[in-house]
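The block underneath contains the structure these notes are about, expressed in structure tokens.
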Amino acid sequence: MLPAAAALESPGQPLPVETAPAADSAGLAARGAPAPRPVSGELPVMNGFAEGWSAPTAQQVRIEQRVTIRITPRPSPMPLAEAMFDENRSDEGGAPRFTERKLGKCVPVAGIAGVQPASPDRLLLIMRDQRLVTAQLGKGCRSRDYYSGFLVAKSADGMICTGRDALLSRSGANCQVHTFRQLIPTGN
């Protein structure tokens with residue numbers, strides 16, 4: 001028998017294939033016998049299918065990263081949440097008066113220290129720099145759904161913006177912020 005490297009090729013004829021010895025009565029090949037293998041790159045054919053060949057599988061890895069930021073409820077620095085938006089309140093209560101001033105369309109998420117429901121459709125955001133900001137929720141949203149804080153997806157710029165980001169309450173409410181306003185104390 002000639003070694004496989006020395007086999008002569010004739011044009012139009014397939015290359016010879018080495019075969020293993022016949023299987024014994026139990027269907028097992030003789031111990032130490034090499035398995036059938038092609039001589040030079042051609043696959044042996046058995047009943048119309050290539051033996052020992054399988055279709056290549058795509059090996060892909062998909063990495064997704066999603067960061068959610070939780071803003072926890074925090075008591076306000078002074079008892080003002082209920083009294084602040086009560087238009088029928090008496091001035092003898094000792095609670096300071098506030099006026100609202102327009103604020104930009106975005107608020108930095110890292111600057112929010114806590115949140116508290118303020119009126120039926122507003123959240124009071126307590127900022128780390130001691131500012132008080134109200135977030136007017138979209139139509140049909142109630143601030144009481146956010147009694148235990150809210151979750152927000154981290155954006156590339158690190159801001160919560162009106163019309164772009166949604167605040168997800170832990171109870172399942174999902175609302176966008178309509179406007180941000182800063183509260184400025186005006187005195188008693």
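The values are calculated or read from the model by the stated rules, or taken from the named source; none is laboratory data. Source: prediction; values computed, not measured. Quick reminder, even Gly has a Cβ in these numbers, built from the backbone with ideal geometry, and neighbours come from all protein chains shown. These area figures cover heavy atoms from the full protein model, side chains too; ligands, DNA and RNA do not enter into them. Shrake-Rupley method; radii C 1.70, N 1.55, O 1.52, S 1.80 Å.
Kindly establish whether Ala156 is open to solvent by 80 Å² or more (accessible area, probe 1.4 Å), aliphatic (A, V, I, L, M), without any contact (Cβ under 8 Å) to a residue 40 or more places away in the chain and out of contact with any His (no Cβ under 6 Å at 6 or more places or on another chain). So Ala156 fits the description; yes. Within the range 147-159, being among the aromatic types (Phe, Trp, Tyr) and modelled with pLDDT of 90 or more holds for one residue alone: Phe150. Step by step: first the residues of the range 159-188, then only those that are in contact with a Lys or Arg (Cβ under 7 Å, 6 or more places away or on another chain) and farther than 19 Å from Ser119 by Cα, then the one that is least open to solvent (accessible area, probe 1.4 Å). Which residue is that? Among residues in the range 159-188 that are in contact with a Lys or Arg (Cβ under 7 Å, 6 or more places away or on another chain) and farther than 19 Å from Ser119 by Cα, the one least open to solvent (accessible area, probe 1.4 Å) is Cys161. Looking at the range 53-86, which of the residues that are more than 30 Å from Arg170 (Cα to Cα) and modelled with pLDDT under 75 is nearest to the chain's Cα centre (by Cα)? Taking the candidates together, the pick is Pro56.
Taken together, the residues in the range 121-135 that are more than 15 Å from Ser169 (Cα to Cα) and at pLDDT 90 or above amount to 8. Given the condition among the aromatic types (Phe, Trp, Tyr) and either in a helix (DSSP H, G or I) or under 15 Å from Leu183 (Cα atoms) (or both), answer yes or no: does some residue in the range 139-151 qualify? Taking every residue of the range 139-151 in turn, at least one turns out to be among the aromatic types (Phe, Trp, Tyr) and either in a helix (DSSP H, G or I) or under 15 Å from Leu183 (Cα atoms) (or both). Yes or no: Thr99 open to solvent by 40 Å² or more (accessible area, probe 1.4 Å), in contact with a Leu (Cβ under 8 Å, 6 or more places away or on another chain), modelled with pLDDT of 85 or more and not in a loop (DSSP other than H, G, I, E, B)? Yes; evaluated as a whole, the condition is true for this residue.
Tallying residues that are within 16 Å of Ile184 (Cα to Cα), in contact with a helix residue (DSSP H, G or I) (Cβ under 7 Å, 6 or more places away or on another chain) and assigned to a strand (DSSP E or B) within the range 124-138 yields 2. Taking the range 117-150, which residues are open to solvent by 50 Å² or more (accessible area, probe 1.4 Å) and in contact (Cβ under 8 Å) with a residue 60 or more places away in the chain? Within the range 117-150, just Tyr147 meets the criteria.
Within the range 128-152, being more than 26 Å from the chain's Cα centre (by Cα) and closer than 14 Å to Ala113 by Cα holds for Arg128, Asp129, Gln130, Arg131, Leu132, Val133, Thr134. Does Gly114 count as surrounded by fewer than 16 Cβ atoms within 10 Å (Cβ to Cβ), outside any helix (DSSP H, G or I) and either of a type in the set (Val, Ile, Thr) or modelled with pLDDT of 85 or more (or both)? When the stated conditions are applied, Gly114 does not pass them. Can you tell me which residue in the range 153-177 is farthest from the chain's Cα centre (by Cα), limited to those that are polar (S, T, N, Q) and part of a strand (DSSP E or B)? Restricting to residues being polar (S, T, N, Q) and part of a strand (DSSP E or B), the top hit is Gln176.
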